[in-house]
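Have a look at the structure below, then the notes.
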Amino acid sequence: MVDVTDYKCDREIAWCPGCGNFGILNAIPRALAKIGKAPHEVVIVSGIGQAPKLPHYLNVNTFNGLHGRSLPAATAIKLANHDLTVIVVGGDGDGYAEGGNHFLHALRRNIDITYLVHNNQIYGLTKGQASPTTEPEYITGTTPWGVLTEPFNPLVMAISADISFVARSFSGAGDHLVDTIAEAITQRGFSFVDILQPCVSFNHLNTHSWYRERVTPIEGHDPTDRRAAWELAHKWGDEIPIGVIYKGSRPAYDSLVPAIRDTPLVKQARFEDKLPMLNEEFMAR
């Protein structure tokens, strides 16, 4: 039986006191224990930023790579061994700016991985530059006249691509976040959760209290209704819906590849072992 303590790690945590990342760090092992996933069955992949430090603080298989490049690495891991539960964590800068192109193609493939984006609407690691989700008019070191562009809406993008699972949660929502992550992991295909997460050092607008006054659990919504999901994804301001917004019906990418559909690549015969058979077949022609 899997327990939360199986994921416990004693490494010193480098986040600021009060950082929203702590809520996500607490939620992931609880979600994994809830669905009975042991650490050796899980790989958490990350890039660069404050959020991508998260796998360092868990007893779990980890791949920590380049800024914005976590989704290609996770895709390769899943295609090589689709028996593994593959989770990707990153921030809004890592995922929606540097990794924006990879995000688009992961949506297009609907590969069977779970993508958790810590969306604090700012670059935290590099001291508070505007990110793709920073509020309009917000003043940062790189936007002294305020942000002049509209924020990127990742939920709308994900619903447009008709992926398997689209949700939003809040790092301070406790059980709601645990349940959302657990459901995302168990969903076949690409599961995307945008997690609202305050940055206490560099984002003085979207604070814990700002979110608590606005986040509202979704009720009475049919997540297979794409039009209704689209409308929910556009809600932002005095009310911010959190919960499962959309569930698509496309097959997962790895289920479509004949070479790996039934047997993971890591369990297939090595290429050298196939050489005699291939030579024999070639000589017979």
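The values are calculated or read from the model by the stated rules, or taken from the named source; none is laboratory data. Treat the numbers as computed from the prediction; the structure is a model and nothing was measured. As a convention, Cβ positions derive from the backbone with ideal geometry for all residues, glycine included, and neighbour counts pool all protein chains shown. All accessible areas refer to the heavy atoms of the entire protein, side chains included, with ligands and DNA or RNA removed. Shrake-Rupley method; radii C 1.70, N 1.55, O 1.52, S 1.80 Å.
Please tell me if Phe190 is surrounded by 21 or more Cβ atoms within 10 Å (Cβ to Cβ) and of a type in the set (A, V, I, L, M, F, W, C). Yes, satisfied.
With respect to the conditions (1) more than 30 Å from Lys37 (Cα to Cα); (2) open to solvent by less than 30 Å² (accessible area, probe 1.4 Å); (3) in contact with an Asp or Glu (Cβ under 9 Å, 6 or more places away or on another chain), Leu232 lacks only one, and its number is (3).
When segment 36-53 is limited to residues that are more than 11 Å from Val4 (Cα to Cα) and over 16 Å from the mean Cα position of the chain (by Cα), the one that is most open to solvent (accessible area, probe 1.4 Å) turns out to be His40. Being within 23 Å of Asp225 (Cβ to Cβ), touching a residue at least 40 places away in the same chain (Cβ under 8 Å), in a helix (DSSP H, G or I) and within 15 Å of the chain's Cα centre (by Cα) is a condition met by at least one residue of segment 145-154. Scanning segment 146-184 for residues that are in contact with a Phe, Trp or Tyr (Cβ under 6 Å, 6 or more places away or on another chain) and open to solvent by 10 Å² or more (accessible area, probe 1.4 Å) yields Val147, Phe152.
The number of residues in segment 81-125 being in contact (Cβ under 8 Å) with a residue 40 or more places away in the chain, of a type in the set (A, V, I, L, M) and open to solvent by 20 Å² or more (accessible area, probe 1.4 Å) comes to 3. Among the conditions (1) under 30 Å from Ile122 (Cα atoms); (2) within 20 Å of the chain's Cα centre (by Cα); (3) among the small types (Gly, Ala, Ser), Ala252 misses just one, which is (1).
Residues in segment 14-35 that are open to solvent by 60 Å² or more (accessible area, probe 1.4 Å) and either in a loop (DSSP other than H, G, I, E, B) or without any contact (Cβ under 8 Å) to a residue 60 or more places away in the chain (or both): Ala14, Pro17, Asn26.
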